[in-house]
Amino acid sequence: MVSAHAYAVVTEGLRKRYGDVMALNGLDLAVPAGTVRGLLGPNGAGKTTAVRILATLLRPDAGRAEVAGCDVVTQAVEVRYRIGLVGQYAAVDEVLSGRQNLVMFGRLYHLSPRAARRRADELLEQFRLTDAADRAVKEYSGGMRRRLDLAASLILTPAVLFLDEPTTGLDPRARDEVWEAVRSLVNEGTTVLLTTQYLEEADRLAHEISVIDGGRVIAEGTPEQLKSKIGGDQIDVMVSDAAHLDHTAGLITSVVGQQAQIAHRERRVSVPVTDRVAALTSVARALHDAGIEAEDIVLRRPTLDEVFLRLTGDAAANSPKEKVA
């Protein structure tokens with residue numbers, strides 16, 4: 001059994017069924033305090049169900065879960081005073097101003113009128129919304145609304161913040177604004193559990209990632225550890241003439257000793273490598289000697305998109321959880 005004192009979020013054997021659908025099938029998590037844990041998985045993997053149970057909005061069918069040292073079933077009230085929750089869509093009132101929204105949330109948390117106004121002012125400054133504090137929220141940009149939503153979830157400075165796809169529908173600039181706000185919260189000691197379908201978001205924010213499929217964790221580790229798991233470095237060769245793809249793939253396979261893959265649409269041949277510099281030099285020399293013209297040769301790390309697609313395929317979904325060390 002994992003000690004709750006060492007972690008801000010703990011789940012063990014968590015299960016939840018909706019009719020014939022098993023949403024969670026033995027979910028195990030252990031999230032250290034003061035970190036960001038990303039939950040990645042395809043639609044229906046169980047990410048939102050897990051967050052709803054941890055936020056005491058659903059009761060699990062089996063297993064146990066603790067948040068900030070409190071059991072989510074037997075100590076639900078205590079959990080609610082220790083968490084913040086930001087869903088996929090902003091929960092603020094568009095008619096009210098930003099300041100009025102935060103004061104209203106403060107009063108709902110039983111703060112006195114004076115304390116609610118003071119906390120609202122602190123949060124408006126923290127999230128760079130002071131200049132827009134007295135404007136109606138309907139006039140806010142998408143990024144401003146999400147920052148206000150984050151501020152509202154922090155009225156009582158929660159120990160744990162649940163972010164359920166917080167940047168859905170936002171443009172890149174607004175997404176950056178939300179990411180900056182999340183980093184600031186973590187720097188001040190808040191633990192964040194983040195569900196997202198944006199692989200870049202998990203890569204940029206998460207200290208560790210748990211990949212969920214079929215209602216359970218199938219792999220976890222830091223973003224770099226997960227990337228390394230599917231082959232370490234990779235060489236991509238873009239050829240000028242698509243007619244040379246097969247020849248190029250065969251040549252690279254023989255030079256590197258790993259099977260090269262062809263992407264016909266991109267006129268690209270890719271191969272995983274271990275000795276990155278030596279492999280790059282050997283491939284470039286072999287292409288030159290064979291008279292094959294390459295538009296570009298790139299040595300890169302795998303992306304989280306590639307990790308995600310590899311891990312959430314049928315084989316991964318049917319394999320035991322894999323801890324990446």
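Tabulated data
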| quantity | calculated |
| --- | --- |
| In the stretch 140-168, the residues that are touching a Phe, Trp or Tyr at 6+ places or on another chain (Cβ under 6 Å) and in a helix (DSSP H, G or I) | R147, A151, A152 |
| Residue match in the stretch 59-80 (condition: among the acidic types (D, E) and touching a Ser or Thr at 6+ places or on another chain (Cβ under 9 Å)) | yes |
| Selected residue [at pLDDT below 95 and not acidic (D, E)] from A45, A76, A30 | A45 |
| Candidate set: the stretch 197-213, residues that are surrounded by fewer than 18 Cβ atoms within 10 Å (Cβ to Cβ) and charged (D, E, K, R); chosen: the one modelled with the lowest pLDDT | E200 |
| Of residues in the stretch 155-172 being over 30 Å from A115 (Cβ atoms) and among the acidic types (D, E), the one farthest from the chain's Cα centre (by Cα) | D171 |
| Every residue from the stretch 109-139 that is small (G, A, S) and either in contact with a His (Cβ under 7 Å, 6 or more places away or on another chain) or in contact (Cβ under 8 Å) with a residue 40 or more places away in the chain (or both) | A136 |
| Failed item, numbered, when N101 is tested on (1) under 20 Å from the mean Cα position of the chain (by Cα); (2) crowded, with 20+ Cβ neighbours inside 10 Å | (1) |
| Qualifying helices (runs of 4 or more DSSP H) (wholly inside the stretch 173-277; at least 1 residues being aliphatic (A, V, I, L, M) and under 16 Å from the mean Cα position of the chain (by Cα)) | 199-205, 223-229 |
| Which listed residue, of A45, A50, is in a loop (DSSP other than H, G, I, E, B), under 17 Å from D164 (Cβ atoms) and among the small types (G, A, S) | A45 |
| From T281, T274, T248, residue being β-branched (V, I, T), farther than 21 Å from E165 by Cβ, outside the structural domain of L161 (by TED's automatic domain parsing) and out of contact with any strand residue (DSSP E or B) (no Cβ under 9 Å at 6 or more places or on another chain) | T281 |
| Single residue of the stretch 28-60 satisfying the filter (more than 17 Å from the chain's Cα centre (by Cα) and crowded, with 17+ Cβ neighbours inside 10 Å) that is nearest to T191 (Cα to Cα) | A55 |
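The values are calculated or read from the model by the stated rules, or taken from the named source; none is laboratory data. Since this is a predicted model, take the numbers as computed values, not measurements. When we count neighbours, we look across all protein chains shown, and the Cβ atoms used for this are built from the backbone with ideal geometry, even at glycine.
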